[in-house]
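Data block below; observations after.
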Amino acid sequence: MKPVNSFGAFIKTLATNTARLNNLANPANSLTLVLGNESADLDSLVSSLTLAYVLSAKPDPPGHVVPIMNTNRSDMILRQDCDLLLRTTLNAEGGRMEDLTFLDDIDLNMLVQKYKDGLNVWLVDHNAPASRQMVLEPFVRGVVDHHLDEGKCPDAMKEIEVVGSCTSLVAAKVKELGNPIDSPLAKMLLSPILMDTVNISSKAQKATDKDTECVSWLVPLVEWEDPPATASTANDDEDDAPVFVDLSTALQVRSTEELYRTLDKLKGSVSHLSTRDLLRKDYKQWKVADKRGKEWVVGISSIAYRMKKWVKRDGLTAIETAISDWVSEQNLDVALVMTHGKVRPRKSAPKEYGRDLTVAFKEPPQALFIAGLVASSALNLEFMTVNNLHSDIDRSPIYLFDQKKTTASRKQVFPVVKSVIESL
Ligand SMILES: [Mn+2]
């Protein structure tokens, strides 16, 4: 393998990766996969792409090096910040989003069987394979991470340093290569570091000296641009304003501050998502046994969106149907949908932060469960009226509440749910 001599040259190698990994007939002698962690946030995605570049640019690359985006391709819609940054960077380097290899493009088990000892794995932004990727553990040769060492993969070369962003560690490796660094690469590396350190704010206490040094190195390498005159940013006054996304111009920004704000807004934007995507974006599931030993499957979705806006957008019936479908799809005994954010209580009144809680069951009615929740002072629930539509307790398997205790997030809500089920 010849080393690549620039990030742009590396990007041009990506297009054939998926086909190469799925070609059973002629496997190469060796293959190196670079994976970020399962959350597939900006830090993980940028780190894996960049570390794959670094390994490909070494004088003696470890076979063909392929960055794996550790999420399904269809899940990128849930990560607008990642989607836009990668798309913009790839386009600027003569590549396309389609050139990246996602988890559902390949079969890891098959690759393990096909390459056997010719397989090398590098983990970045985590130091132990995800539970459903344990098949890779014997092949892990290297780790670059900023989480505490879980003690797995003892034979791997490990570089673990608790910094704000794993990208800072990978960017230092890019610097060591000594290859020229163009503006799209510099901007891509800067982005996760800004997100992970809240724009290097001292108040957030996330940035270490290494992150700060890395930012100081990268900022002058970026060709900052004036946003196009026609560009309008999302209007904060509008409850339902869609976030402005014009692929060609959204990351034309003048400063780190603007870059951070644009990405942060995109990360938080959910109003473009379908009801099902809203339910699955930030979702956790548990099993809890009641007194009689019956196991309840409990699912809790947390959504930075308010029920009032959601009903205005889709209508209550469509939401109820979507939640019932979600209950069936996940085979839940009870689903809780936590919606939170700021809305105006009345026209022209200032926005107020609040929370709503929606509860749905596989088999209604579950009056004792509802009574238990309503009795909890940790939640302080009140039955809600949405746009004059009242959730009909006798008819509907879905209950809508105004959660008056607005500080109770899923960390607080789940223990309440658990103790209610355990008392039944
Ligand atoms: Mn990270």
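Could you look through segment 385-410, keep only residues that are open to solvent by 70 Å² or more (accessible area, probe 1.4 Å) and modelled with pLDDT of 90 or more, and pick out the one that is nearest to Gly315 (Cα to Cα)? That would be Lys404. Scanning segment 294-328 for residues that are among the polar types (S, T, N, Q) and either touching a residue at least 60 places away in the same chain (Cβ under 8 Å) or closer than 14 Å to Glu363 by Cα (or both) yields Ser302, Ser324, Ser328. When restricted to residues that are within 16 Å of the ligand (Cβ to nearest atom), surrounded by fewer than 20 Cβ atoms within 10 Å (Cβ to Cβ), of a type in the set (A, V, I, L, M) and not in a loop (DSSP other than H, G, I, E, B), segment 106-162 contains 1.
Cys166 passes every criterion in (1) under 11 Å from Asn127 (Cα atoms); (2) within 13 Å of the ligand (Cβ to nearest atom) apart from (1). Scanning segment 38-48 for residues that are more than 16 Å from the ligand (Cβ to nearest atom) and out of contact with any Gly (no Cβ under 9 Å at 6 or more places or on another chain) turns up nothing. Against the list (1) open to solvent by 30 Å² or more (accessible area, probe 1.4 Å); (2) of a type outside the set (D, E, K, R); (3) free of Cβ contacts under 8 Å to residues at least 24 places away in the same chain, the condition Asn199 fails is (3).
Taking the criterion of being open to solvent by less than 10 Å² (accessible area, probe 1.4 Å) and over 16 Å from Ala9 (Cα atoms), the residues of segment 45-62 that qualify are Leu45, Val46, Ser47, Ser48. In this structure, is Lys284 open to solvent by 60 Å² or more (accessible area, probe 1.4 Å), within 24 Å of the chain's Cα centre (by Cα) and of a type in the set (D, E, K, R)? Criteria met by Lys284.
This table checks each residue for (1) at pLDDT 95 or above; (2) open to solvent by 40 Å² or more (accessible area, probe 1.4 Å); (3) under 30 Å from Ala360 (Cα atoms); (4) out of contact with any strand residue (DSSP E or B) (no Cβ under 6 Å at 6 or more places or on another chain).
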| residue | (1), (2), (3), (4) |
| --- | --- |
| Ala204 | no, no, no, yes |
| Ala234 | no, no, no, yes |
| Ala250 | no, no, no, yes |
| Glu258 | yes, no, no, yes |
| Ser269 | no, no, yes, yes |
| Thr275 | no, no, yes, yes |
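Based on what the data block shows, is Gly36 open to solvent by less than 10 Å² (accessible area, probe 1.4 Å) and either in contact with a strand residue (DSSP E or B) (Cβ under 7 Å, 6 or more places away or on another chain) or in contact (Cβ under 8 Å) with a residue 24 or more places away in the chain (or both)? So Gly36 fits the description; yes. For the criterion of being at pLDDT 90 or above and more than 24 Å from the chain's Cα centre (by Cα), Ser377 passes. So for segment 66-78 (the condition being part of a loop (DSSP other than H, G, I, E, B) and more than 24 Å from Ser131 (Cα to Cα)), does at least one residue qualify? Among the residues of segment 66-78, not one is part of a loop (DSSP other than H, G, I, E, B) and more than 24 Å from Ser131 (Cα to Cα), which makes the answer no.
Looking at the structure I just gave you, is Lys187 in contact (Cβ under 8 Å) with a residue 24 or more places away in the chain and either in contact with a strand residue (DSSP E or B) (Cβ under 6 Å, 6 or more places away or on another chain) or surrounded by fewer than 18 Cβ atoms within 10 Å (Cβ to Cβ) (or both)? Criteria not met by Lys187. Within segment 330-386, being of a type in the set (A, V, I, L, M, F, W, C), under 20 Å from Lys418 (Cα atoms) and part of a loop (DSSP other than H, G, I, E, B) holds for Leu332, Ala375, Ala378, Leu379.
The values are calculated or read from the model by the stated rules, or taken from the named source; none is laboratory data. None of these values were measured; they are calculated from a predicted model. With ideal geometry, Cβ positions are generated from the backbone for all residues, glycine too; neighbour counts draw on all protein chains shown. For accessibility, only protein heavy atoms count, side chains too; no ligands or nucleic acids. Shrake-Rupley method; radii C 1.70, N 1.55, O 1.52, S 1.80 Å.
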